[in-house]
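Trainee: The following block contains the structure, expressed as structure tokens.
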Amino acid sequence: MTIKKIAVLTTGGDAPGMNPVIRSVVRYGINQKLEVMGVFRGWWGLINDELKVLDQRSVSGIINQGGTILKTARCAEFRTEEGQARAHENIKKYNIDGLVVIGGNGSFSAAHAFYKKYNVPIIGIAASIDNDINGIDYTIGTDTAVNTALDAIDKIRDTATSMERIFVVEVMGRESGFIALTVALAGGCEDVLIPEKKIDIEEVCHEIVHGNLIGKMSWIIVVAEGAGKAEDIAGKITEMTGLETRAVVLGHVQRGGRPTAFSRDLALNLGTMAVDCLIAGKTDIAVGLTAGKVIEVDFETAIQKKELKFNNFLRLIRILT
Ligand code: F6P
């Protein structure tokens, strides 16, 4: 089948770098003589007919912006038969030959189910701050989110050192400890709690008390949201050590901001790759960066639980404290 018209959408949590991907898909698509439509608010927009033709200029000035000009949403309706049927009606109405879905693993499971039912060609572009897509080393947005969290932790360190305090800093990542682990090592943090490893709060407290005895008075402990709440952990530390502890939740600040050069370059490469995949008749796959190369992974694999590679990080965090 010759592809003439494609549509692009962003879905799930926004990630810094989604705008550069949209720019890349639109401009490269037009360069390849395709018509490109934007779907607004993710799957919701496909169901509710919120589509618009995008031209070269419609994506001007967005390369350095976080978020997504197409808007995004979490859409439970797309998981229903009725929602999918309405989305398919709109695909037929606009003669769309292929979809580019920019999102994370929840978006890919929805895309996979839709493809299986309606056989619509779909290419996913891995974009999520959680970096939890199986088979893909780096998703778009991860690098920016890690650097945003690192910037915040560097600032917290100023207070931690000056006031000789313990801080528990909660970062995002859903069920993945990737952001926590990466930022804890880069930020020189004293410990990290991640869902992939059993937490031993007594051991953490023992280290703190021992550290205090030899003159180490400030601590930053990073906790991944999937491993627990900063407030609870800070409370336990105070209870067990008698030392004043502060909790900080970085939250959605990690999702915003200007994408880093790494997030942008990855986005711009993957956008063109997704368009090429559709032109080549490929479908039901995601594209992403693995072992330094842009690669294709079938959705079935991409949506499986990703194993966190510890890469020696935990050991280094402890040794270098
Ligand atoms: O998937 C990205 C993410 O930011 C997760 O890290 C976090 O658990 C979740 O989204 C928060 O979702 P929402 O913005 O819907 O509260």
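Trainee: Given the conditions (1) among the hydroxyl-bearing types (Ser, Thr, Tyr); (2) open to solvent by less than 10 Å² (accessible area, probe 1.4 Å); (3) more than 24 Å from Ala302 (Cα to Cα), and given that Ser60 satisfies all but one, which numbered condition is not satisfied?
Mentor: Looking at each condition in turn, Ser60 falls short on (2).
Trainee: Does Lys155 meet the test of being closer than 25 Å to Gly67 by Cβ, more than 16 Å from the ligand (Cβ to nearest atom) and part of a helix (DSSP H, G or I)?
Mentor: Yes, satisfied.
Trainee: Which of the residues belonging to the range 129-150 are at negative phi and either of a type in the set (A, V, I, L, M) or within 11 Å of the ligand (Cβ to nearest atom) (or both)?
Mentor: Ile129, Asp130, Asp132, Ile133, Ile136, Thr139, Ile140, Thr142, Ala145, Val146, Ala149, Leu150
Trainee: When you check Glu190 against the structure, is it among the acidic types (Asp, Glu) and within 12 Å of the ligand (Cβ to nearest atom), yes or no?
Mentor: It is false that Glu190 is among the acidic types (Asp, Glu) and within 12 Å of the ligand (Cβ to nearest atom).
Trainee: Considering the range 293-321 alone, what residues qualify as being in contact (Cβ under 8 Å) with a residue 40 or more places away in the chain, open to solvent by 30 Å² or more (accessible area, probe 1.4 Å) and assigned to a helix (DSSP H, G or I)?
Mentor: Matches in the range 293-321: Glu300, Thr301, Phe313, Leu316, Arg318.
Trainee: If you don't mind, there's one more thing I want to ask. Pull up the range 162-179, narrow it to residues that are assigned to a helix (DSSP H, G or I) and either touching a strand residue (DSSP E or B) at 6+ places or on another chain (Cβ under 8 Å) or within 16 Å of the ligand (Cβ to nearest atom) (or both), then point me to the one that is least open to solvent (accessible area, probe 1.4 Å).
Mentor: Taking the candidates together, the pick is Ile179.
Trainee: Please verify whether the range 127-142 includes one or more residues that are in a helix (DSSP H, G or I), open to solvent by 10 Å² or more (accessible area, probe 1.4 Å) and of a type in the set (S, T, N, Q).
Mentor: Looking for residues that are in a helix (DSSP H, G or I), open to solvent by 10 Å² or more (accessible area, probe 1.4 Å) and of a type in the set (S, T, N, Q), one finds none in the range 127-142, hence no.
Trainee: Something else about it: Contact list please: Cβ distance under 8 Å, first residue in the range 1-12 and open to solvent by less than 10 Å² (accessible area, probe 1.4 Å), second residue charged (D, E, K, R), pairs at least six apart or on different chains.
Mentor: Correct list of pairs: Ile6/Glu35; Ile6/Asp97; Thr10/Lys71; Thr11/Arg74.
Trainee: Any idea which residue in the range 116-126 is farthest from Glu225 (Cα to Cα), counting only those that are surrounded by fewer than 19 Cβ atoms within 10 Å (Cβ to Cβ) and not polar (S, T, N, Q)?
Mentor: Selected residue: Tyr118.
Trainee: Any residue in the range 154-161 that is over 20 Å from Gly13 (Cα atoms), more than 12 Å from the chain's Cα centre (by Cα) and surrounded by 24 or more Cβ atoms within 10 Å (Cβ to Cβ)?
Mentor: No.
The values are calculated or read from the model by the stated rules, or taken from the named source; none is laboratory data. Since we're looking at a predicted model, the values are computed, not measured. Cβ: placed from backbone, ideal geometry, glycine included. Neighbour counts: every protein chain shown. Keep in mind that these areas ignore ligands, DNA and RNA; they rest on the heavy atoms of the full protein, side chains included. Shrake-Rupley method; radii C 1.70, N 1.55, O 1.52, S 1.80 Å.
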